[in-house]
Amino acid sequence: MAASDQSGNAVEQAYLAATTFIDSDNPRVRALADEFGHITDLKQRAIAIYYAVRDRFLYDPYSLDYTPKGMSAGYVIERGRGFCVSKAVLLAAVARAAGIPSRLGFADVKNHLATPRLLELMGTDIFHFHGYTELLIEGRWVKATPAFNIELCDKFRVKPLEFDGETDSIFHAYDADNRRHMEYVSDRGQFADLPYVEWLAGMKKYYPTMVRDSGFTMPGGDFAAEAEATQRS
């Protein structure tokens, strides 16, 4: 085997390993991955996994749990909901359990369609450390963003993000009414696991009214109902 092949295999193995947060060895994660084991083509398997994570698990920024357990893929399955980072972690974990190398990516984005209540709690319209997933498919890394489930997209009147296994799937710049939706401000790079210490420090720095030493101080709420009400107003 050539040295380059050995190096390539080593890279793939590094992005297939179970980690603290991308716990692809978790029984719940493995059970979900097993649902797609009959799909022999890895690209098609990745596509099916993406849609399962996107739509079966609700996007809920009011249910944040910053603890290591709360940020793990298995916990997202247990609760049936997560936010952009934890859903990206889940997609990465299920992909690894299904034999597809994966890693996490982070970016700072300006979200024009967040609800007024969430923006007030955050104190900014910049979402720092927005999370997405990259999957290694047919020799190249492809971005996948499973955050917004299809029902939430309908309420916000934004097009749900599709994924074909070839084209980067990132948030649209405009919504269904041609209004500004999402702007990518800066990219923070890719990681084999959630950079928990750096991420948590960032949350405390950028959202001091939301994050205390004891954890997130989210008051709870129905984000989907807020989104629907915002579109009616």
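The accessible area of residue 171, taken with all protein chains in place and a 1.4 Å probe, comes to roughly 20 Å².
Under a 1.4 angstrom probe, counting protein chains only, how are 66, 132 ranked by accessible area, largest first? Before the final figure, lay out the partial values.
Numbers: 66 45, 132 5 Å².
The most accessible residue leads, giving 66, 132.
What is the angle, in °, between the Cα long axis of helix 223-232 and the longest principal axis of the Cα atoms in the chain? Nearest 10 is fine, range 0 to 90. Once rounded, the angle reads 60 degrees. Candidate cross-link partners of residue 110 among the lysines, defined by an alpha-carbon separation under 27 Å and a same-chain spacing of 8 or more, comprise 87, 143, 155, 159, 204, 205.
Roughly how many percent of the accessible protein surface of the chain is carbon and sulfur, given a 1.4 Å probe and a whole-percent answer? Roughly 50 percent, rounded to a whole number. You can think of it this way: the chain between residue 126 and residue 13 has 37.2 nm of extra reach, that is 0.36 nm per residue less the Cα-Cα gap.
Among 86, 169, 72, the largest mean-square fluctuation in a Gaussian network model of the chain (Cα springs under 10 Å) belongs to 169.
Accessible area per residue was computed with a 1.4 Å probe on protein heavy atoms; residue 15 scores about 50 Å². If you build a Gaussian network model of the chain, linking Cα atoms that sit under 10 Å apart, which residue out of 131, 99, 139 swings the most? Among 131, 99, 139, the largest GNM mean-square fluctuation belongs to 139.
Using a probe of 1.4 Å on the protein chains alone, the accessible area found for residue 38 is around 140 Å². On a 0 to 90° scale, report how tilted helix 3-14 is relative to the longest principal axis of the chain, with both axes built from alpha carbons and the result rounded to the nearest 10. On a 0 to 90 degree scale, this one is about 40. Taken per residue, the accessible surface of the stretch 1-88 reaches 47 Å², heavy atoms only and a 1.4 Å probe. All alpha carbon pair distances within the chain were sorted into 5 Å bins beginning at 0; the resulting P(r) in whole percents reads 1, 7, 14, 19, 20, 17, 11, 6, 3, 1, 0, 0, 0. Using a Gaussian network model of the chain whose springs link C-alpha atoms within less than 10 Å, name the residue from 16, 200, 90 with the highest mean-square fluctuation. Greatest mean-square fluctuation among the candidates belongs to 200.
The values are calculated or read from the model by the stated rules, or taken from the named source; none is laboratory data. Being a predicted model, the structure only gives us computed values, none of them experimental. Remember, those area values only see protein heavy atoms, side chains included, never the ligands or the DNA or RNA. Shrake-Rupley method; radii C 1.70, N 1.55, O 1.52, S 1.80 Å.
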